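Each remark here refers to the structure printed beneath this line.
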Amino acid sequence: MAKVNIVGIVGSPRHHSNTEVMVREALEGAKETGDVETQLLLLAGKKINPCLSCFKCNEKRDFCIFRFKDDMHEVYEKYLAADGLIIGSPVYHLSISGILKNAIDRLGQGLNSKYRATGRPWFAKVGGVLTQGMGRFGGQEYTLQFLVSHLLLMNNMVVAPGMGDAIGAIGSFNNQAIRQVGVIAEYDVEALPQSRALGKRVAELTRIVRTGAETLKDELPEEYNKYLLQRQAITDYARATQKWESKQGKALS
Ligand SMILES: Cc1cc2nc3c(=O)[nH]c(=O)nc-3n(C[C@H](O)[C@H](O)[C@H](O)COP(=O)(O)O)c2cc1C
């Protein structure tokens, strides 16, 4: 079986954030399971503009056409290259951070536009979600719920850190006004073990899904082979980018 690639997305706009600590721990958990490579996508320091609702992606059946005007192309590249995903966000107003919402809007809309005529690609990525916030009941569950719904809408599967706990890994500063970065483990002893367990489960399930698709290759609909094993979406994205680059070249000459 090919190595599986688990991508950790960190939705905090701050460098060395508490969210980053948890996502990194989840990726360590993923690595424990064997033949796994990991990548980190940090939104901190990146420019990800909001979706303008121009519907150009829709008209052209393409990924967001403005993805090279800011750092959005990196989100597409890493997202499409992932077999499994860990998505982490700080709690912002009982939900995800603005920068992560911008990325999700433009990713979801672009992929929907690209594939709507042919049926959505059968991504079947395995995802896990995590969050942390200031409040003890600060909106962590709403935040996780949004991210779970996002993964499902994108034709993926979701796994939790374990049964009977939460639907993702959670951290909390227990209503203390802690504003420092990277200190969640000092205030919440559960945050890192939960993150690690989450990463481990995402990697295990990713490997199970991939092995299953390989074993049942001749019996399953062609889309599983195309998108899950051959990773057609990566090729589609590379082609669309080449087309965009050659148009830019023509526009300059
Ligand atoms: C705009 C904004 C909104 C926030 N809203 C909430 C909230 O609704 N609930 C909560 O528990 N914490 C809230 N917080 C606190 C953050 O979740 C907390 O500072 C978190 O540790 C930041 O994560 P980071 O270190 O990954 O950037 C908010 C912080 C900001 C900046």
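Data for the structure
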| item | result |
| --- | --- |
| Neighbour cut-off at most 14 other Cβ (10 Å), DSSP loop, GluC sites (Glu not before Pro), the stretch 133-226 | Glu219 |
| Net charge of neighbours whose Cβ lies under 15 Å from the Cβ of Asn102, counting Lys and Arg as +1 and Asp and Glu as -1 | +2 |
| Distance in nm between pseudo-label sites at Arg116 and Glu214 (7 Å out along the Cβ direction from Cα) | 3.7 nm |
| Three-way shape call for the stretch 175-253 based on the alpha-carbon gyration tensor, with the a/c threshold at 1.5 | oblate |
| Unit charges at the beta carbon, dipole of the stretch 4-252: most positive-side option, Asn156, Ala251, Gly8 | Ala251 |
| Estimated FRET transfer efficiency (Ser246, Ile167; beta-carbon r; R0 41 Å; 0.05) | 0.40 |
| Taking the chain and dividing mean pair separation by its residue count, relative contact order in percent (alpha carbons under 8 Å, at least six apart) | 24 percent |
| The chain, helix-only ellipticity at 222 nm - DSSP H runs n ≥ 4, -39,500 (n - 2.57), divided by all residues, nearest 500 | -14000 deg cm²/dmol |
| Label-point separation in nm, Gln232 to Asn175, each point 7 Å along Cα→Cβ | 5.4 nm |
| DSSP-defined beta bridges in the chain - what % are antiparallel, rounded to 5 | 5 percent |
| Size of charge dipole - the stretch 1-149 - debye, nearest 20, with Cβ of Lys, Arg +1 and Asp, Glu -1, no other charges | 580 debye |
| Environment charge of Leu192, counting only residues whose C-beta is closer than 13 Å and scoring Lys/Arg +1, Asp/Glu -1 | -3 |
| Reciprocal of mean inverse Cα separation for the stretch 49-170 (Kirkwood radius, Å) | 15.1 Å |
| Inter-part distance where the stretch 82-158 and the stretch 202-237 are each reduced to a Cα centre, Å | 21 Å |
| Cα centre as origin, Lys/Arg/Asp/Glu Cβ charges: the chain dipole, Debye | 1000 debye |
| Alpha-carbon Debye profile of the chain, log10 I(q)/I(0) at 0.17 Å⁻¹ | -1.27 |
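Coordinate-derived values only; no laboratory data. Only a predicted model underlies this, so the values are computations on that prediction, with no experimental measurement involved. As a convention, Cβ positions derive from the backbone with ideal geometry for all residues, glycine included, and neighbour counts pool all protein chains shown.
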